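Undergrad: Got a structure here, written out as structure tokens. Questions coming.
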Amino acid sequence: MSARLVVLVSGTGSNLQALLDAAADPAYGATVVAVGADRDGIEALVRAERADVPTFVVTLDDSRDRDHFNDRTLTAIESYEPDLVVLAGYMKILAPRVVERFPTVNTHPALLPSFPGAHAVRDALAHGVKVTGVTVHFADAAVDSGAIVAQEAVAVRDDDDEDSLHERIKVVERRLLVDTVARLARGGYRIEGRKVVLP
Ligand code: GRF
């Protein structure tokens, strides 16, 4: 049986595309049943529509307040009965009751706990690190702080700027996300404190 994925996005959606491409093969073990966004008019939604995957958009502007935004987002996610929710470049912070309702993973373009937040690539470059990378982690109540599922390093080059480094990170990120989601979708993982043990 294929695991049901709801993927949340805010931008280009290249990570979403990697999941859609992988899931086109029934052997992958997971299917993207819906794509949700916090804004309209983004490339990620076009990618979902092209793949015939249902979409929903819940914006903060159209909500009474953050609580209402979280309620509406959770209702939309619940309606697709996911086994796993994937935050793939989704830029809103969701309330704990939303990310704790279903197993939820986030992909982050740095080696957490270094450089959490929305400008991870810029912050890593500004710090002068020689190695950064990608983290796939469970989402929890705080920002970029949940138990780490998988990480992979990316070397920083002397001539990197934010765009060149982010592009190289994203190549690794897409592969790591696709691989990690497949392993989670198979089930049988354990969370021991902060340690995630994959099958
Ligand atoms: C990814 O690097 C993600 O980790 C970060 O924003 C990027 C989104 O890329 N938060 P895309 O929309 O999947 O192309």
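Undergrad: Being over 14 Å from Leu87 (Cβ atoms) and either within 16 Å of the chain's Cα centre (by Cα) or more than 12 Å from the ligand (Cβ to nearest atom) (or both) is the filter here; which residues of the range 125-140 pass it?
TA: Across the range 125-140, the qualifying residues are Leu125, Ala126, His127, Gly128, Val129, Lys130, Val131, Gly133.
Table: residues versus (1) at pLDDT 95 or above; (2) closer than 22 Å to Arg183 by Cα; (3) outside any helix (DSSP H, G or I).
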{"site": "Ala110", "(1), (2), (3)": "yes, yes, yes"}
{"site": "Gly117", "(1), (2), (3)": "yes, no, yes"}
{"site": "Val121", "(1), (2), (3)": "yes, no, no"}
{"site": "Ala124", "(1), (2), (3)": "yes, no, no"}
{"site": "Val129", "(1), (2), (3)": "yes, no, yes"}
{"site": "Gly133", "(1), (2), (3)": "yes, yes, yes"}
{"site": "His137", "(1), (2), (3)": "yes, yes, yes"}
{"site": "Ala153", "(1), (2), (3)": "yes, yes, yes"}
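Undergrad: For the structure I just gave you, tell me whether Asp83 is of a type in the set (D, E, K, R), at pLDDT 95 or above and within 16 Å of the ligand (Cβ to nearest atom).
TA: When the stated conditions are applied, Asp83 does not pass them.
Undergrad: In the range 100-124, what residues are under 12 Å from the mean Cα position of the chain (by Cα) and among the β-branched types (Val, Ile, Thr)?
TA: Thr104, Val105, Thr107
Undergrad: Could I ask something else about it? State yes or no: is Ala76 part of a helix (DSSP H, G or I), within 16 Å of the ligand (Cβ to nearest atom) and within 18 Å of the chain's Cα centre (by Cα)?
TA: Here the answer is no, as Ala76 does not meet what is asked.
Undergrad: Kindly indicate the residue of the range 65-97 that is buried (at least 21 other Cβ atoms within 10 Å of the Cβ) and aliphatic (A, V, I, L, M) and also farthest from Leu19 (Cα to Cα) among those meeting that condition.
TA: Leu94
Undergrad: Read through the list (1) touching a strand residue (DSSP E or B) at 6+ places or on another chain (Cβ under 9 Å); (2) among the β-branched types (Val, Ile, Thr); (3) within 27 Å of Pro116 (Cβ to Cβ), then give the number of the only condition that Thr55 fails.
TA: (3)
Undergrad: Please work out which residue is farthest from the ligand (Cβ to nearest atom), limiting yourself to the range 6-24 and to residues that are in contact with a Lys or Arg (Cβ under 8 Å, 6 or more places away or on another chain) and assigned to a helix (DSSP H, G or I).
TA: My answer is Leu20.
The values are calculated or read from the model by the stated rules, or taken from the named source; none is laboratory data. This one's a predicted model, so the numbers in the text were calculated from it and none came from an experiment. Don't worry about glycine lacking a Cβ; one is built from the backbone with ideal geometry, like all the others, and counts go over all protein chains shown.
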